[in-house]
Every structure is written in C-alpha cells, then in structure tokens.
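The values are calculated or read from the model by the stated rules, or taken from the named source; none is laboratory data. Model, not experiment: these values are computed from the prediction. Glycine gets a Cβ as well: all are built from the backbone with ideal geometry, and neighbour counts include every protein chain shown.
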Amino acid sequence: MSKQVILTGIRANNDLTIGNYFGAILPMIDMAKTRADEFQVNLFVPDLHSFTTPIKHDELQSGIWNNLRVFVAAGLPLDQPDIHIYRQSYVPAHSEMTWILDCFTGFGQMARMTQFKDKSMKLANSELQEKGAQLVKANPGDASLEIIDGAVSVGLFNYPVLMAADILLYGATFVPVGDDQTQHLEFTRDIAERLNNKFNQELFVIPQPVKEQHAFFGKDQGLRIMDLQDPTKKMSKSDETGKGVIFLSDTPEEAHKKVMSAATDSEANVRLDWEKQPGISNLLQIYGLLTRKTAEEAAAEWEGTTSYGDFKKAVADSVRSFLEQFQASLADVDDAKISQKLEVSEKTMNAQANETLLNVQRAVGLRA
Ligand code: TYM
C-alpha cells in the first residue's frame, strides 16, 4: 500500500441515478483517468450493504453487474494496475473487521446517525401502514421497539461500521461521496482515531477531513442533487414514483420530459438561491455538472433570464445528450474484461485487506 488510496462504493440497489453518477462515480473516474500514477483507486460494489433494507434478492446479481458495467461505461480504465474493481463480499476481511469495530462503537453514536433515523422511520411507517396501524411521527428509536422490530434490522443500524471497515482496510485517505454520506465519513475518522489511541499505534490511516476532501475533488464533492418534483429532498434511487429522479437507465426522451416538468417557482428569475428557489438552483447544479461548470458559473451564464421554458429546455437537452452518449458506451462494455479485472483485483484486495486485519487482530489479542 505505497500509494495513497482513493476509494468509494456504490450499492447495487435499484437503478443508479444521476445523483450517484455525479456525487460519487464521476469524481472517482476523473481521478482514475488523470492521477492513476500517483494514487491507487478502489471502486467497489458494497454488496453486503445491499440488504440492510429489504430488496429482491433474486435481482441482486444483475444489480451488481449493472454497477460494474456502469463504472466502465463512465470511463474507468481497466488496464491500469493500480485501479481496482471488486465486490465487498469477495473480501471476507470486511466482515471480520466490522465485527471488531462494532465492539468498540457506542450504541448511542450509531443511534444518532441521521441516515439510520430517516431510513428506519420510513421502514417502520411502511410496515405499520400495511398493518393499518398508527404511524410513527418522530424518530422510531423513541417508539416502542416492538413497533419497529419487524422492519428495521440490526444491519441497518450498524451499516456505518461496515462502511468504516470498507475504508480503513485499505488505508484510504480520499473518499468521494455525496452529502448524505458525510456523517458516515466523520464516524470513520472517529473510530480510526479512537482505536489508534487505545492501542497506541497507527493501526489505521485516518481519512482526510471532509473539508480537505472537498478541496481535493473540487466542485464534484459533497453534492446533493435534489428530486425534480420535490427539490427539498434528495434525488434517491429508492423513490417509488421515480418522477423526480433521473435514472441512468431512463430513455433519453423520458429524462427530457422529467426535466421539462420539474417543479420551479414563480420568481421568474434564473438564480442560484437554494432557500428561495430550490428547484431552479437544482437545475442550475445539474446543468453545471453536465457542462463541466460550477453551479455559480452556470448561474452566471443564465443571469437575467426570466423565461424558465428556455432554461429548462437547455437543461433537458443536455440531460438527453448525456444519456444518449452514456447508454451507447454502456452497450459496448465487454463483460469478459470485467471478469478478468475482478479476478485480479479481488486477489490484490484480499492481500491488502488481510494485512490491515492482521495488525488489528494482533492489537486486540486475537493473534500472537
Ligand atoms: P449509495 O449506494 O446510496 O450511493 C452511492 C453514492 O452516491 C451518492 N449519492 C448522491 N450524491 C449526490 N446527490 C444525490 N442525490 C445522491 N444520491 C446518492 C451517495 O452519497 C454515495 O456517495 N454507504 C454508501 C455506500 C458505501 C460506501 C462505502 C461509500 C459503502 N461502503 C465506503 C464510500 C466508502 C451508500 O449507501 O451509497
């Protein structure tokens, strides 16, 4: 592990969205293309994370393969020796490291994770709805445990610990993620520092603080692409209606329509103002990402525009041509090359992960 490591994981639940693409995949691939001689790049599918919420298990394999193909279609060079693609469950050290980290993680710290609170409340409520029972309004942690027992798993609860193991096993310093994962990254730094201090040795490399991550990846880091229909919530692949979500698998025409019917406001002014004009600001952000500009630069381009129709059409056109190009690349991906790369990468990843795990096993007394 001589080079610094850049690492990220994309779950294979449902189709991927442009949020996943711009929030995590693209910053990774930009680094892989331009700085593979300086850094090791790990882009993996966290398959063990997939069933922390209910999924269709018979679709998981095709979802995993779809992610791998998307990585390649987005431009990941497979011929570089320090670029790796792998499936989390093919490196068993992730599971053992998670167990060890679990035993040094406070129950309260996990219970405070925002994503756990949000997801568990949604799950508990959909279960209760099916039963026709009264819904939980606040944090389900406050409700009777019996209510949430059927819906919310222990896996969802300690999901961030597995994520910390994913990062720490390879000593990753840079981890491009969307804004929703920032808290988990902070937790990773926290548990790594805690164990290093407790055992008085550098068991783990501490990932860079979030501010440094943003500086490193520039405009692509810490993004939150919002839902087109409700721009106050994150664009999410688990959204049931899909109307406000642009999936990488949408037909270009379908995506064009979704942008044209995006919710805006009555200000009649194209401006970057997330408070007052979240819909327009979100479209400016998307337009900027597609034309390789910051949201501020995109806003400057549209300054003084009062007709939302023209602006929306420009955003919709750029989304459509992006999807046309991306889907053409996806159709050309060679599965045999992916299989070959997986085999080599998973072998290397096992060797690297086992080295970190052995140091930790020694520190906690499991090995002499
Ligand atoms: P996941 O699979 O839900 O999402 C993958 C990545 O996409 C980002 N993302 C977004 N970014 C901007 N705007 C959006 N609307 C949007 N929606 C999703 C997410 O922030 C994420 O970066 N826990 C992770 C997977 C994971 C991981 C890891 C990541 C597991 N182990 C280790 C980094 C390092 C997750 O559930 O992401």
Checklist entry - Tally time: how many residues in the range 245-268 are closer than 22 Å to residue 12 by Cβ and of a type in the set (Val, Ile, Thr)? => result 3
Checklist outcome for this item: The lone condition residue 353 fails out of (1) within 26 Å of residue 224 (Cβ to Cβ); (2) surrounded by 15 or more Cβ atoms within 10 Å (Cβ to Cβ); (3) out of contact with any Gly (no Cβ under 8 Å at 6 or more places or on another chain) is (1)
Checklist entry - residue 331: surrounded by 17 or more Cβ atoms within 10 Å (Cβ to Cβ) and among the aliphatic types (A, V, I, L, M), yes or no? => result no
Checklist entry - Can you name the number of the only condition in (1) within 24 Å of residue 47 (Cβ to Cβ); (2) part of a loop (DSSP other than H, G, I, E, B); (3) at pLDDT 85 or above that residue 79 fails? => result (1)
Next on the checklist: If I filter the range 287-295 for residues that are over 21 Å from residue 230 (Cα atoms), outside the structural domain of residue 62 (by TED's automatic domain parsing) and among the charged types (D, E, K, R), do I get at least one hit?
Outcome noted: yes
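Filter the range 189-224 down to residues that are at pLDDT 95 or above, in a loop (DSSP other than H, G, I, E, B) and either more than 15 Å from the ligand (Cβ to nearest atom) or more than 20 Å from residue 29 (Cβ to Cβ) (or both), then give me how many there are. It would help to see each step written out before you state the result.
Looking only at the range 189-224, we keep the residues that are at pLDDT 95 or above, and these are 189-208.
The next check asks that each one be in a loop (DSSP other than H, G, I, E, B); those that pass are 199-208.
So of that shortlist, the ones also either more than 15 Å from the ligand (Cβ to nearest atom) or more than 20 Å from residue 29 (Cβ to Cβ) (or both) come out as 199-206.
Count: 8.
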Item to check | Selection status of residue 9, closer than 30 Å to residue 293 by Cβ and modelled with pLDDT of 95 or more | outcome: yes
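Residue check: is residue 263 part of a loop (DSSP other than H, G, I, E, B) and away from the ligand (no atom under 12 Å from the Cβ)? Even if it seems obvious, please write down each step before you answer.
On the way: part of a loop (DSSP other than H, G, I, E, B): yes; away from the ligand (no atom under 12 Å from the Cβ): yes.
Yes: the conditions hold for residue 263.
Restrict the check to the range 15-22 and report whether at least one residue is within 12 Å of the ligand (Cβ to nearest atom), surrounded by fewer than 20 Cβ atoms within 10 Å (Cβ to Cβ) and either free of Cβ contacts under 8 Å to residues at least 12 places away in the same chain or within 23 Å of residue 223 (Cα to Cα) (or both). Step through it out loud before you land on a result.
Step one: of the range 15-22, the residues within 12 Å of the ligand (Cβ to nearest atom) are 15-22.
Now narrow it down to the ones that are surrounded by fewer than 20 Cβ atoms within 10 Å (Cβ to Cβ): 15.
If we keep only those that are either free of Cβ contacts under 8 Å to residues at least 12 places away in the same chain or within 23 Å of residue 223 (Cα to Cα) (or both) as well, we get 15.
Checked the range 15-22: at least one residue is within 12 Å of the ligand (Cβ to nearest atom), surrounded by fewer than 20 Cβ atoms within 10 Å (Cβ to Cβ) and either free of Cβ contacts under 8 Å to residues at least 12 places away in the same chain or within 23 Å of residue 223 (Cα to Cα) (or both).
Out of 227, 180, 239, which single residue is within 12 Å of the ligand (Cβ to nearest atom) and touching a Gly at 6+ places or on another chain (Cβ under 6 Å)? Spell out how you get there, then give the answer.
Working: 180 fails: touching a Gly at 6+ places or on another chain (Cβ under 6 Å); 239 fails: touching a Gly at 6+ places or on another chain (Cβ under 6 Å).
Of the residues listed, the single one that is within 12 Å of the ligand (Cβ to nearest atom) and touching a Gly at 6+ places or on another chain (Cβ under 6 Å) is 227.
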Item to check | Hits in the range 47-79 (condition: in contact with a Lys or Arg (Cβ under 7 Å, 6 or more places away or on another chain), farther than 15 Å from residue 342 by Cβ and within 15 Å of the ligand (Cβ to nearest atom)) | outcome: 49, 50, 53
Checklist entry - Residues in the range 357-367: is at least one within 26 Å of the chain's Cα centre (by Cα), farther than 20 Å from residue 246 by Cα and assigned by TED's automatic domain parsing to the domain that holds residue 17? => result yes
Checklist entry - Has the range 80-90 got at least one residue that is within 14 Å of the ligand (Cβ to nearest atom), within 14 Å of the chain's Cα centre (by Cα) and either closer than 25 Å to residue 247 by Cβ or surrounded by fewer than 23 Cβ atoms within 10 Å (Cβ to Cβ) (or both)? => result no
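For (1) over 20 Å from residue 238 (Cα atoms); (2) not in a strand (DSSP E or B), each residue gets a yes or a no:
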site	(1), (2)
15	no, yes
19	no, yes
24	no, yes
31	yes, yes
37	yes, yes
41	yes, no
48	no, yes
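Within the range 293-344, which residues are assigned to a helix (DSSP H, G or I) and among the hydroxyl-bearing types (Ser, Thr, Tyr)?
To start, the set of residues in the range 293-344 that are assigned to a helix (DSSP H, G or I) comprises 295-302, 308-331, 335-344.
Selection gives 308, 318, 321, 329, 339.
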